[in-house]
Amino acid sequence: MAKLEILEFPDPRLRTRAQEVEVVDESMGQLIDDMFETMYDAPGIGLAATQVNVHKRLIVIDVSEDQSAPQVFINPEVDVLDDDLSQYDEGCLSVPGFYETVSRPRQVRIRALDRHGEAFEMIAEGLLATCIQHEIDHLDGKLFVDYLSNLKRQRIRSKLEKAQKQAQTA
């Protein structure tokens with residue numbers, strides 16, 4: 001397994017819309033394993049392939065406290081089941097160090113393929129539903145900062161660009 005580089009906002013590659021996965025094969029299994037290693041090391045609870053500059057519709061998630069419940073969603077599709085919204089302070093491995101409250105549907109149905117290419121469907125709510133929606137946004141070229149005001153988004157962008165420049169000169 002290998003740790004992958006996580007793209008950081010405002011990198012334009014994060015705005016790329018991911019393509020459907022056509023074949024679930026050994027190379028996809030390797031990417032899934034590498035994404036889990038990268039996510040756990042970061043540490044995070046979700047990672048979209050877009051964030052590691054692979055523009056395929058693949059997300060990995062583990063919302064457990066002890067990293068014991070890894071979940072894979074290939075070509076995920078989501079349907080809102082409940083108009084009620086949940087608010088979570090969302091963070092993102094591509095927007096390190098920033099957390100902002102975002103409202104998302106509380107309950108959703110997900111249809112996807114698992115790591116073996118088998119179709120499945122599940123209902124998610126709470127943190128898992130939020131995480132799935134957050135990661136699917138990445139596949140569509142959208143970030144959680146897009147839900148914020150222009151002022152907040154620009155402040156975050158400026159701080160991250162400054163930090164990235166400092167890291168390059170160090």
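The values are calculated or read from the model by the stated rules, or taken from the named source; none is laboratory data. All values reported here derive from a predicted model rather than from experimental measurement. When the accessible area is computed, the model is the full protein with side chains, heavy atoms only, and any ligands, DNA or RNA have been set aside. Shrake-Rupley method; radii C 1.70, N 1.55, O 1.52, S 1.80 Å.
When the accessible area of the chain is computed with all protein chains present and a 1.4 Å probe, what percentage of it is carbon and sulfur?
Values: 4200 of 9060 Å².
With neighbouring chains kept in place, the figure for the chain is 46 percent.
If N is the number of residues in segment 75-138, what value comes out of its Cα radius of gyration divided by 2.2 N^0.38 Å?
Values: Rg = 12.6 Å, N = 64, 2.2 N^0.38 = 10.7 Å.
Cα-based Rg divided by the globular estimate yields 1.18.
Quick one: divide the alpha-carbon radius of gyration of the chain by 2.2 N^0.38 Å and tell me what you get. Please report the intermediate quantities before stating the final value.
On the way: Rg = 15.7 Å, N = 170, 2.2 N^0.38 = 15.5 Å.
Taking the Cα Rg and dividing by 2.2 N^0.38 Å, one obtains 1.01.
What residue among VAL60, VAL23, VAL145 shows peak mean-square fluctuation when the chain is described by a Gaussian network model with Cα springs under 10 Å?
Looking only at VAL60, VAL23, VAL145, the biggest GNM fluctuation is shown by VAL23.
Rounded, prolate or oblate for segment 1-84? Axes are the square roots of the Cα gyration tensor eigenvalues, ordered a ≥ b ≥ c, and the cut-off for rounded is a/c under 1.5. Numbers along the way, then the final one.
Numbers: a/c = 1.21, a/b = 1.06, b/c = 1.14.
The shape class here is rounded.
Show that you can apply the helix-only estimate: for the chain, add -39,500 (n - 2.57) for every DSSP H stretch of four or more residues, divide by all residues, and state [θ] at 222 nm to the nearest 500. If you can, show how the numbers build up before the last one.
Details: 3 runs with 50 residues, N = 170.
Calculated from helices alone, the mean residue ellipticity at 222 nm is -10000 deg cm²/dmol.
List the residues whose amide H sits under 5 Å from the amide H of GLU90, counting only those 5 or more places along or on another chain, with H placed 1.01 Å from N in the peptide plane.
For GLU90, whose amide H was placed from the backbone, the distant partners under 5 Å are GLU100, THR101, VAL102.
Please turn the phi angles of segment 103-111 into ³J(HN,Hα) values with the Karplus equation 6.51 cos²θ - 1.76 cosθ + 1.60 (θ = phi - 60°), one per residue in order, whole Hz, x for glycine and proline.
With the stated coefficients, segment 103-111 comes to 9, 9, x, 6, 9, 9, 9, 10, 10 Hz.
Before I look further, what does the chain give for accessible area per residue, probe 1.4 Å, in whole square angstrom? Kindly include the intermediate steps, with their values, before the conclusion.
Values: 9060 Å² over 170 residues.
I get 53 Å² per residue for the chain.
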